Structure formats: structure tokens, C-alpha cells
Amino acid sequence: METVKFGVVGAGHIGKRHMEMIQRHAGFELVAIADVRSKETCGVEVDVPAYHSDQALLAAHPELDIVCICTPNGFHAEQAIRAIQSNCHVVIEKPMALTRHDGERILHAALSKGKQVFCVMQNRYSPPSIWLKELVDSGVLGKIHLVQVQCYWNRDDSYYGKIPWKGKLDLDGGTLFTQFSHFVDLMYWVFGDIHQIQSRFADFAHQENTDFEDTGLITFEFVKHQAFGALNFSTAVAERNFESSVTIIAEKGTVKVGGQYMNEVEYCNIQDYEMPELPASNPANDYGHYKGSAANHGYIFENIDAALNGKGEITTNALEGLKVVDIIERMYAAGKRPLKTP
């Protein structure tokens, strides 16, 4: 088996996580990285060539097999398409793109070149998520009546001050794209597509550091289950993250998966059903001044290995990554966002 050669574009927190995962894998090689900043500024210590743009990296290394896109959200589409056009598979951090149109452009580029698109949605690997998916698919809950997803996190001035692109509409896209797309993906993965969307948004605590909402109330219906759904979110929580949870009200029982990162089963009462013991969830990604979703990137790179070697399917492929973008775009379109204008 030949070594798979990687390039990483973007050397921030997530880019460094990708570098670490590549270097841990015996069959992978980190060939080069790219960032507008120097390696020293980024705190990158890997001994590989560094370039100031993805174009320079691609031009210097035609031998690359895969490029990881770990840059601000607004750059994902163009950089992924350039990598694909250079005959590379791509691994794209969430979100795949900021519009359905750009997501479709990535998909079409991949199809035309015969390349794979791996969309990073690592919450699918958490034991409570896997259990919830299996539970719903099994039908043991009977008819599902209501699904409520709640995402209540803290993102304060220090967060936006240290990561200046976050909060900018063209590079960030919004709270649903940057903070909570993992949970939109999880909702879609478990329950399917939605319609009949109604949304309300407000910016309570971030008027000075974001161009968009920090809080939203969204209601909808699930197409497959004909059940009511709601997604309530906020990054205006005081001091620290509060919870990310999903509650299911169904014909034969009630379930809540909660914790700060949807990482524990808080309640399970189902007729004629015994809750199994689940493996422990990985801790949240700890970035010092804030925490993100579960540290499951190792599973992503195991999946890349399996998919490229014909031993498994991509966990979140281009179509699924595109669907998450589509759902978020429709959620935003269904309500007036408090956007700042220049």
C-alpha cells in the first residue's frame, strides 16, 4: 500500500489537529502546509515546507493525494475546488461551504475529476450519537411526535478578539455555520430532512463583535417522520457553555441526549426497552479560552483510510455536507437576520 500524501491549508487550531492526526497514521505523510501567516506565528513545529497560499502549495507539490481545508469558512469552496482541480481528494472542515450554490460547485468539481470529498462532521462518532441513530432507525420508539434540539454556548469578546475572522459575515457565515452545524448535521443524520421552516433571530450580546445573530428560535417539520421539530440556539450564555441536547417525545417513550456537547444520555424511558451501557465519549476540543465539539478527529482519519482503500464508506460525503449547508441556508432564509451593513 502506497503512502497517502497530505497537504494542509490553514494552520490554526483545527489545521494543527489535522496535522497531528496525519502524523499519527502509519500510512499517511504530511508533505506541506499553507497559511497566510508564518509557521512561527501559527505555532506550527512540523518540519515540512510552508507556503503562504493554497495555490503555491498545489503548484509546488503535484504529488499530493489529499488536501485538508482548515481555513475560515468563506474560503472553503474556492480552496476545495482548486485542490480537486489539481487532482486531489479533499477533507473539508465544517461547513462544506456557506451557500448551497458553492457546495454544488464542489460536488460537480469532484464528480468531474473522480475525487472524494470528506466533510468533517465528527459528532457522528460519539457513542450517544451512534446509539440515538440506531434507536430511531430500529423503530423501538414508535411514532415520533416531537424533536427538540437545544444548543446553548458561550462565545465572548475574548473569543472574537483572538480569532478575528469569526463574526465576519463573509468569512464566518453565522452562528449556525460556525458553532452549531455539527448539531444540524446530527439532526439530519438521525431524523432526515425538514420543511415548513419558521425562524426568528436576534443579536442580544454580540452587537460589537459579530455581523449577525447570536440567538435563534427555529421550528419545522421532519419530512420522513411527520413530526414537529425545533432548534433553539444561543452563543449569549453567560460565562461558559451550558448544553447541547436533543430530546425526543415519541409514542413509546422519551429520550434526552445532553451534556455540554451532546455527549451523554440524560434520560431514557422506553416501553419494553433496556438502555445499553455505552462506551465513554471523548472530551470536547479544548482551545484554552473556549471549548468546541467532541475530539473525534481520529475517527475521521480512520474513515479516510478505510474509504480510500475500499474498506468502508465515507462517513459524511459531499452530498451530506451539501445537505447541511442547504438546511442552514433555508433556516436563515425563513427569518430576518439582524445583519450589519457596511
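The values are calculated or read from the model by the stated rules, or taken from the named source; none is laboratory data. Predicted model, so just to flag it, every value in this text is computed and none were measured. Ideal geometry is used to build each Cβ from the backbone, glycine not excepted, and the neighbour counts take in all protein chains shown.
For every residue, the table says whether it meets (1) buried (at least 24 other Cβ atoms within 10 Å of the Cβ); (2) not in a loop (DSSP other than H, G, I, E, B).
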site	(1), (2)
GLY15	no, yes
MET19	no, yes
VAL46	no, no
PRO95	yes, no
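Annotation: of all residues in region 66-93 being surrounded by 18 or more Cβ atoms within 10 Å (Cβ to Cβ), in a loop (DSSP other than H, G, I, E, B) and not β-branched (Val, Ile, Thr), the one that is farthest from the chain's Cα centre (by Cα) is SER86. Taking first residues from region 268-279 that are without any contact (Cβ under 8 Å) to a residue 60 or more places away in the chain and among the hydrophobic types (A, V, I, L, M, F, W, C) and partners that are surrounded by 11 or more Cβ atoms within 10 Å (Cβ to Cβ) and part of a strand (DSSP E or B), the Cβ contacts under 6 Å between residues at least 6 apart in sequence or on separate chains come to CYS268/VAL255; MET275/CYS268. Would you be able to say whether some residue in region 326-338 is closer than 21 Å to PRO128 by Cα, surrounded by fewer than 18 Cβ atoms within 10 Å (Cβ to Cβ) and at pLDDT 95 or above? No - not one qualifying residue is present in region 326-338. With respect to ASN269, determine if the residue is over 30 Å from ASP170 (Cα atoms), of a type in the set (S, T, N, Q) and in a strand (DSSP E or B). So ASN269 passes the test. Residues in region 97-114 that are among the hydrophobic types (A, V, I, L, M, F, W, C), surrounded by fewer than 23 Cβ atoms within 10 Å (Cβ to Cβ) and within 18 Å of the chain's Cα centre (by Cα): LEU107 alone. Of the helices (runs of 4 or more DSSP H) that lie entirely inside region 142-222, those containing 3 or more residues that are out of contact with any Leu (no Cβ under 6 Å at 6 or more places or on another chain) and at pLDDT 95 or above span 175-178, 181-191. Within region 21-44, the set of residues being in contact (Cβ under 8 Å) with a residue 60 or more places away in the chain and either under 25 Å from ILE163 (Cα atoms) or in a loop (DSSP other than H, G, I, E, B) (or both) comprises MET21, ILE22, HIS25, GLY27. Within region 13-29, the set of residues being in contact with a Gly (Cβ under 8 Å, 6 or more places away or on another chain) and among the hydrophobic types (A, V, I, L, M, F, W, C) comprises MET21 only. Only one entry of GLY259, GLY298 meets the criterion of being surrounded by fewer than 17 Cβ atoms within 10 Å (Cβ to Cβ) and modelled with pLDDT under 95, and that entry is GLY298.
Test VAL120 against the stated conditions and say whether it is in contact with a Ser or Thr (Cβ under 9 Å, 6 or more places away or on another chain), of a type in the set (A, V, I, L, M) and more than 18 Å from PHE222 (Cβ to Cβ). When the stated conditions are applied, VAL120 passes them.
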